[in-house]
Amino acid sequence: MDFTLVELDDDHRQLQQEIRTFLEGLFTPDVFAEEHETGSGYNKKVYEELGARGWLYPEKPVEEGGAGFDLVAERIMDLELFRQDARVMMMRGTSSLPLKAIRKYMPADVADPILKDAVEGRVLVCLGYSEPDGGSDIANAKVRAVQDGDMWTINGSKMWTTGAHVSNYTFLVTRTDPDAPKHKGITMFLVPLDTPGVTIQGIRTFSGERTNIVYYEDVVIHDKYRVGGINDGWNVLHGPLDEEHSIGLDMSGGLTDLSIGAGFCRVLGRAINEVAEWAHKTPAPDGSSLADDVQVRERLGAAMVEYEAGLCTPGPMGRVKASDALVQQSASLIDLMGPVGLLPLHADGAVGEADTEYAHRFAQGTATYGGTVEVFRTIIANHVLGLPKPNYPGAKVFMAGKKK
Ligand SMILES: Cc1cc2nc3c(=O)[nH]c(=O)nc-3n(C[C@H](O)[C@H](O)[C@H](O)COP(=O)(O)OP(=O)(O)OC[C@H]3O[C@@H](n4cnc5c(N)ncnc54)[C@H](O)[C@@H]3O)c2cc1C
């Protein structure tokens, strides 16, 4: 690993200043107030203004709606967004994942306008993978799509479709051949969410984030919205899933976050800073400050080490490490502060921005979404360590490649 600081040349320094000034003007208090209210992870004005400048997908070429940023400029953009605490409002997280599959597997006349609008901030795509019966085993999807000529009729429900209420399309996993082995009977669609028969019902999570359950009742869409071959959905899904799970991710630029859980860890970083400031200002019984207490310092130091480890652990391991660090250390910080650490934002006596209380609530979901940490441990065992598939009671495949 190379931890050398990157020296910015004049152009990059100027760009950094331009981005910072623009983002400071964009992320006004009312944007944060709206996010606090809705938990949608999306703000129309922010999204459209960034998209109009090509800054939503700045790494993409200008002719595709991006800004043609090089790796350094891209990193500057990322860090400036974090500086504004804006990452939580960037729906790009889920919206970006299916774009490559859309380009690769859909006819150009359908895909091109959708992709252009997505990059320029006018179209959002959400992920319709998980179902009420289970999200880890995506290949077990039951939402049914039945073909009739050029049209398909879709029935069933999807759970946890984050962003569905603000998105234009859902990248949907459907079952098209119920008699085939489960991985072979899947077809992917890009379903326009304004199609009659789609009902979206909101769910607020413990951290205040809004996600949705989406019902599909006799939803009829044209075959042009099919992504890839009939019953070939598992192949189509592989790219977006591998990207989400950070398998085979290209880190060659050396300027991206090492850990895919870095976003989780930044929430922990803010909480640690908040507790450190609080400890400095809070008197100990002997009149000194709590920050002078060796036990307080030891606890903050331990949290800091875990925070750094969460930021630096690469690949799928980073997902697990960052979530574990956030879950354990946010609880430890609250324990250190006592009851005041549990006061939410705007409550009388709340400390700072109540980052510690929020970090603890946010932490719990990080062990689940995008694949649970348990599932990630299996991914690490199989893909990184080359170990055989696990042997669960009732599982059909016990050893790599061998059926029992
Ligand atoms: C806030 C939030 C946002 C989300 N956003 C989206 C979204 O936008 N789109 C979407 O499709 N989904 C989304 N999800 C769903 C998420 O991907 C699933 O919750 C996750 O994959 C786990 O599925 P499940 O909740 O159905 O749990 P299950 O799959 O039912 O698992 C239950 C428990 O069993 C364990 N388990 C299951 N299988 C295994 C295994 N093979 N090995 C070891 N342990 C196992 C799990 O770790 C878990 O503890 C979101 C979830 C949350 C909470």
Those residues of region 157-196 which are surrounded by fewer than 20 Cβ atoms within 10 Å (Cβ to Cβ) and in contact (Cβ under 8 Å) with a residue 40 or more places away in the chain amount to S157, M159, H165, N168, D177, A180, K182, H183, K184, G185
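Would you check which residues across region 202-229 are outside any strand (DSSP E or B), more than 22 Å from L97 (Cβ to Cβ) and either within 16 Å of the ligand (Cβ to nearest atom) or not assigned by TED's automatic domain parsing to the domain that holds T153 (or both) and list them? Reasoning before the result, please.
Pass one, region 202-229, residues outside any strand (DSSP E or B): 205-209, 223-225, 228-229.
Of the ones still in play, those that are also more than 22 Å from L97 (Cβ to Cβ) are 206, 208, 223.
The answer is F206, G208.
Here's the yes/no breakdown for (1) assigned to a loop (DSSP other than H, G, I, E, B); (2) over 18 Å from the mean Cα position of the chain (by Cα):
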position	(1), (2)
P285	yes, yes
Q295	no, yes
E298	no, yes
G301	no, yes
V305	no, yes
A309	no, yes
P316	no, no
K321	no, no
L326	no, no
Quick count over region 118-132, residues being part of a loop (DSSP other than H, G, I, E, B) and more than 9 Å from the ligand (Cβ to nearest atom), is 5
Within region 138-148, count every residue that is touching a residue at least 40 places away in the same chain (Cβ under 8 Å) and more than 10 Å from the ligand (Cβ to nearest atom). 4
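I'd like to know if region 98-115 contains one or more residues that are part of a loop (DSSP other than H, G, I, E, B), within 16 Å of the ligand (Cβ to nearest atom), touching a residue at least 40 places away in the same chain (Cβ under 8 Å) and surrounded by 22 or more Cβ atoms within 10 Å (Cβ to Cβ). Before you say what the answer is, go through the steps one by one.
First, the residues of region 98-115 that are part of a loop (DSSP other than H, G, I, E, B): 98, 106-107.
With within 16 Å of the ligand (Cβ to nearest atom) added as a condition, the list becomes 98.
If we keep only those that are touching a residue at least 40 places away in the same chain (Cβ under 8 Å) too, we end up with 98.
Now restrict to residues that are surrounded by 22 or more Cβ atoms within 10 Å (Cβ to Cβ): 98.
Looking through region 98-115, at least one residue is part of a loop (DSSP other than H, G, I, E, B), within 16 Å of the ligand (Cβ to nearest atom), touching a residue at least 40 places away in the same chain (Cβ under 8 Å) and surrounded by 22 or more Cβ atoms within 10 Å (Cβ to Cβ).
Residues are listed down the side, and each one gets a yes or a no for (1) under 29 Å from D137 (Cα atoms); (2) among the aromatic types (F, W, Y); (3) away from the ligand (no atom under 16 Å from the Cβ); (4) at pLDDT 95 or above:
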{"site": "G315", "(1), (2), (3), (4)": "yes, no, yes, no"}
{"site": "H346", "(1), (2), (3), (4)": "no, no, yes, no"}
{"site": "E353", "(1), (2), (3), (4)": "no, no, yes, no"}
{"site": "A359", "(1), (2), (3), (4)": "yes, no, no, yes"}
{"site": "I379", "(1), (2), (3), (4)": "yes, no, no, no"}
{"site": "L385", "(1), (2), (3), (4)": "yes, no, no, no"}
Failed item, numbered, when G135 is tested on (1) within 16 Å of the ligand (Cβ to nearest atom); (2) more than 20 Å from the chain's Cα centre (by Cα): (2)
I'd like to verify a number: residues in region 12-58 that are touching a helix residue (DSSP H, G or I) at 6+ places or on another chain (Cβ under 6 Å) and loosely packed, with under 13 Cβ neighbours inside 10 Å, how many? 0
Determine whether region 85-107 contains at least one residue that is over 30 Å from L5 (Cα atoms), small (G, A, S), within 22 Å of the chain's Cα centre (by Cα) and at pLDDT 95 or above. no
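Okay, residues lined up against (1) at negative phi; (2) in contact with a strand residue (DSSP E or B) (Cβ under 7 Å, 6 or more places away or on another chain); (3) hydroxyl-bearing (S, T, Y):
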position	(1), (2), (3)
K100	yes, no, no
E120	yes, no, no
S130	yes, yes, yes
G134	no, no, no
M188	yes, yes, no
P192	yes, yes, no
Do you know which residues across region 338-360 are in contact (Cβ under 8 Å) with a residue 24 or more places away in the chain and surrounded by 22 or more Cβ atoms within 10 Å (Cβ to Cβ)? G341, D355, T356, A359, H360
Would you check if G135 is of a type in the set (G, A, S), closer than 18 Å to E209 by Cβ and modelled with pLDDT under 95? yes
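The values are calculated or read from the model by the stated rules, or taken from the named source; none is laboratory data. Being a predicted model, the structure only gives us computed values, none of them experimental. Cβ atoms come from the backbone with ideal geometry, glycine included; neighbour counts cover every protein chain shown.
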